[in-house]
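Remarks on the structure that follows.
A short reminder: the numbers here are calculations on the coordinates, not readings from a lab. The structure presented is a predicted model; accordingly, all values stated were derived computationally and were not measured. With ideal geometry, Cβ positions are generated from the backbone for all residues, glycine too; neighbour counts draw on all protein chains shown.
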Amino acid sequence: MTVKNTRTGAVGALMDIYEAAISKLKTVIEDIPDDYLTVILDPSTTDESCKTIQAILTHVVSSGYGYATSIHNLKGHNAKRPDKSFHLTIAEYTEELNNVFAYTENVFKEISDDELEQFDDSLKIKAGWGQLYDIEQMTEHAIVHILRHTRQIARIKEQKLK
């Protein structure tokens, strides 16, 4: 996926930055051996989404669909995010990340720049953890979520895949 950086407006900027974050994650994971996806990283963790790189990537993909679906449904739709899918190859996760971005980009075809910020709480998205977000905040959260897990995986590679 080539990062465009040619989109216009605030929505375009968010999509460029989101695409760049996904591209960075794909670069970080591209040289991870497939057989390392299911290696237990921390047997004592209680967070199932952090036990393996497979679990981390599945969480990132599922969350990406969740953020975009929440934004989509704010426009009156009643979509459900796809079920979590655990994969056995980096190539499959790379394709899933491409699909998440394409899905998000499609959702944003209905969003104009002036819809991004919302000060009326009744018109915001209520996240599964209770926080209220406008479209811009939810998208920024989605971007930072990818960046945090990119950092996490890069650190795992440095510490365990030498």
Choice from Val39, Val61, Val11 with maximal GNM fluctuation in the chain (Cα, 10 Å cutoff): Val39
Lysines with Cα under 21 Å of Lys75, excluding same-chain neighbours fewer than 8 positions away: Lys109, Lys124, Lys126
Principal axes of the stretch 90-162: Cα extent on each, largest first, Å: 50, 24, 20
0 to 90° range, to nearest 10: angle between helix 9-29 axis and the chain longest Cα axis: 10 degrees
Packing-based exposure ordering (other Cβ within 10 Å, fewest first) of Glu48, Glu140: Glu48, Glu140
The stretch 9-160, Rg to Rh (Cα coordinates; Rh as Kirkwood inverse mean 1/r): 0.99
